[in-house]
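First the structure, in the form of structure tokens, and then the observations on it.
The values are calculated or read from the model by the stated rules, or taken from the named source; none is laboratory data. Not measured: the values here are computed from a predicted model. We place every Cβ from the backbone using ideal geometry, glycine too, and count neighbours over all the protein chains shown.
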């Protein structure tokens, strides 16, 4: 075993022990396991939310996309900021409503607000469908880390199985408490590693930031800005906007709203969270440093850029430290995602269809579903073929479809009917599924449009169709009963 | 509060509209490509703007946050 692999294995073991400690001595009810008994303060909620946001996606996906695509990577900086601005006003009323009605999940919220259990089931399905690519990308990241750190001794497919096994074991022993505690360790490590790599690599390899960017500009003019076609300014704006709207629509992010002790927590976090985004800049620097030093990675292999460069530059033990940070960035969010998906299946899909099940039984079923969810994700991970960023963008297109119904539910007089919302979400999801499976872009659908419109994120089409459907169906639905009563 | 709340529009303008006009690499700003430097500036400004909004928001002046949700009315709702 290489020194790198030994350090990574020890880290995973340490995380498991922390998770075990966090759960000991607590009777884990469904509410405890999922929303931590609703007693977390600003710092803990911050860590939990940040823990979900700074994932393999940022670490390997962000650096890989900077390496492979250049300027378009900056979209990751933009959408977080806008999402936090929105969160200041959006999260407190959601939290208050959830607390009042003792809700524990996102589908509960939609089912309660629209008085429609069927809508709850649909929202749960949307959540699970979106979570799978998100989980796949964490496993993919774990696989890359373990396979690379073993210096070829462990084949990538086996590495994916090992990673999935660790995440599954972790979530089964710990629940949400384990996630929050490991999130502390993870954030400290990732902060240190990302800042170090982002500063050290450009200076060590190029002599400074300005020198590095000048060298890249010289070799690949325009690579560090948005291209005129494809991932252009229009793509950037539409993608930033879509992902900002979808940011808190993820079932696990939505669920972490419920863990807060008060609604002030969110308003405070809206100030601090944007600054946390600055870590991303260092991740980008590390990815850019690889551009001229490990040339030739294309397609899904761009996600390997950070690790390839690290192996060229550092001793195995330090590659192990980077790998350990990477493992934690996959473990914490990965466990949150699996737990959320399993709870959605048990509590929001199985339970409504099987009469009144007691909480204890639902919670036991959720735990038993954890390995099943992991297996499905392993299956898709081994199929391969997509970059980490592409996987996340697909998930985002799905969850963003919940945004219109959510925003309208915050109004005192919501003009939307549950049937309208149901129809709108179905149309939106179907559009996303159809366009992702066939890899359709707006440019393909409407070749005659000007470039600015052709490059728009295809998710916009789904969202427009969604809003049109829910408005229309709600309008018809409202008119029918009033006509009858007249 | 109502006037200060309008500040929340600025990050949207800076990030979405500003990028249209500053989509270029050179001249490097503090050693960074122009667009990257611009977006990083907005990360910091967003935080500052949210801090101003937070301080001006009467909802954050109530000392107790454990109040009954029914009596805790949000002026922005």
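Hey, can you tell me all the residues within segment A:287-337 that are part of a loop (DSSP other than H, G, I, E, B) and at positive phi? Explain how you work it out, then say what you get.
The first filter runs over segment A:287-337 and keeps only residues part of a loop (DSSP other than H, G, I, E, B), leaving A:292-298, A:314-315.
Scanning segment A:287-337 gives a single hit, A:296.
Does residue A:89 qualify as being part of a helix (DSSP H, G or I), within 27 Å of residue A:276 (Cβ to Cβ), out of contact with any strand residue (DSSP E or B) (no Cβ under 9 Å at 6 or more places or on another chain) and at pLDDT 85 or above? Let's see the steps before the verdict.
Numbers: part of a helix (DSSP H, G or I): yes; within 27 Å of residue A:276 (Cβ to Cβ): yes; out of contact with any strand residue (DSSP E or B) (no Cβ under 9 Å at 6 or more places or on another chain): yes; at pLDDT 85 or above: yes.
In short, yes.
Which residue is surrounded by the fewest Cβ atoms within 10 Å (Cβ to Cβ), if the candidates are limited to segment A:71-94 and must be over 18 Å from residue B:17 (Cα atoms) and more than 9 Å from chain B (Cβ to nearest Cβ)?
The extreme case among them is A:90.
For segment A:95-107, which positions are part of a helix (DSSP H, G or I) and either in contact with a helix residue (DSSP H, G or I) (Cβ under 6 Å, 6 or more places away or on another chain) or crowded, with 21+ Cβ neighbours inside 10 Å (or both)? First the steps, then the outcome.
Here is the first cut: in segment A:95-107, the residues part of a helix (DSSP H, G or I) are A:95-100, A:106-107.
A:95, A:98, A:106, A:107 - these are the residues of segment A:95-107 that are part of a helix (DSSP H, G or I) and either in contact with a helix residue (DSSP H, G or I) (Cβ under 6 Å, 6 or more places away or on another chain) or crowded, with 21+ Cβ neighbours inside 10 Å (or both).
All but one of (1) surrounded by fewer than 22 Cβ atoms within 10 Å (Cβ to Cβ); (2) more than 19 Å from residue A:456 (Cα to Cα); (3) modelled with pLDDT of 85 or more; (4) facing chain B (nearest Cβ under 10 Å) hold for residue A:276, so report the exception by its number.
Among (1) surrounded by fewer than 22 Cβ atoms within 10 Å (Cβ to Cβ); (2) more than 19 Å from residue A:456 (Cα to Cα); (3) modelled with pLDDT of 85 or more; (4) facing chain B (nearest Cβ under 10 Å), the lone unmet condition for residue A:276 is (3).
Inside segment B:40-52, can you point out the residues that are at the interface with another protein chain (Cβ under 8 Å from one of its Cβ atoms) and surrounded by fewer than 21 Cβ atoms within 10 Å (Cβ to Cβ)?
Once the filter is applied, which keeps residues that are at the interface with another protein chain (Cβ under 8 Å from one of its Cβ atoms) and surrounded by fewer than 21 Cβ atoms within 10 Å (Cβ to Cβ), segment B:40-52 yields B:40, B:44, B:51.
Restricting attention to segment A:97-111, report how many residues are over 17 Å from residue A:408 (Cβ atoms) and more than 23 Å from the chain's Cα centre (by Cα).
4
Does segment A:170-188 include one or more residues that are within 14 Å of another protein chain (Cβ to nearest Cβ), farther than 30 Å from residue A:315 by Cβ and either free of Cβ contacts under 8 Å to residues at least 40 places away in the same chain or buried (at least 22 other Cβ atoms within 10 Å of the Cβ) (or both)? Step through it out loud before you land on a result.
Filtering segment A:170-188 down to residues within 14 Å of another protein chain (Cβ to nearest Cβ) leaves none.
No, segment A:170-188 has no match at all.
Please pick out the residue among A:201, A:197, A:245, A:226 that is at the interface with chain B (Cβ under 8 Å from one of its Cβ atoms) and surrounded by 23 or more Cβ atoms within 10 Å (Cβ to Cβ).
Unique residue meeting the criteria: A:226.
I'm told residue A:252 meets every condition in (1) surrounded by fewer than 22 Cβ atoms within 10 Å (Cβ to Cβ); (2) away from every other protein chain (no Cβ under 11 Å); (3) in a helix (DSSP H, G or I) except one. Can you identify the failing condition by its number?
Answer for residue A:252: the failing condition is (1).
Which condition number does residue A:79 fail, the rest of (1) at pLDDT below 70; (2) touching a helix residue (DSSP H, G or I) at 6+ places or on another chain (Cβ under 7 Å) being met?
Going through the list (1) at pLDDT below 70; (2) touching a helix residue (DSSP H, G or I) at 6+ places or on another chain (Cβ under 7 Å), residue A:79 breaks only (1).
Report every pair of residues separated by at least 6 positions or lying on different chains whose Cβ atoms are under 6 Å apart, first residue within segment A:402-427 and within 14 Å of chain B (Cβ to nearest Cβ) and closer than 15 Å to residue A:478 by Cα, second assigned to a loop (DSSP other than H, G, I, E, B) and modelled with pLDDT under 90.
Short answer, once both residue conditions are applied: none.
Which numbered condition in (1) more than 11 Å from every other protein chain (Cβ to nearest Cβ); (2) in contact with a helix residue (DSSP H, G or I) (Cβ under 7 Å, 6 or more places away or on another chain); (3) part of a helix (DSSP H, G or I); (4) over 30 Å from residue A:319 (Cβ atoms) is the only one that residue A:115 fails?
Of (1) more than 11 Å from every other protein chain (Cβ to nearest Cβ); (2) in contact with a helix residue (DSSP H, G or I) (Cβ under 7 Å, 6 or more places away or on another chain); (3) part of a helix (DSSP H, G or I); (4) over 30 Å from residue A:319 (Cβ atoms), only one is false for residue A:115: (3).
Checking residue B:37 against (1) more than 9 Å from every other protein chain (Cβ to nearest Cβ); (2) more than 22 Å from residue A:222 (Cβ to Cβ); (3) modelled with pLDDT of 90 or more, which single condition isn't satisfied?
With respect to (1) more than 9 Å from every other protein chain (Cβ to nearest Cβ); (2) more than 22 Å from residue A:222 (Cβ to Cβ); (3) modelled with pLDDT of 90 or more, residue B:37 is out only on (2).
When the residues of segment B:15-29 are narrowed to those that are more than 7 Å from every other protein chain (Cβ to nearest Cβ) and modelled with pLDDT under 90, which ends up surrounded by the fewest Cβ atoms within 10 Å (Cβ to Cβ)? Explain how you work it out, then say what you get.
From segment B:15-29, those more than 7 Å from every other protein chain (Cβ to nearest Cβ) are B:17-18, B:21-22, B:27, B:29; that's our starting set.
Now narrow it down to the ones that are modelled with pLDDT under 90: B:18, B:22, B:27, B:29.
Numbers: B:18: 18, B:22: 18, B:27: 7, B:29: 16.
The residue in question is B:27.
Which residues, counting only those in segment A:364-374, are in contact (Cβ under 8 Å) with a residue 40 or more places away in the chain and closer than 15 Å to residue A:167 by Cα?
If we filter segment A:364-374 for residues that are in contact (Cβ under 8 Å) with a residue 40 or more places away in the chain, which is where we start, we get A:366-367, A:370-371, A:373-374.
Across segment A:364-374, the qualifying residues are A:367, A:370, A:371, A:373, A:374.
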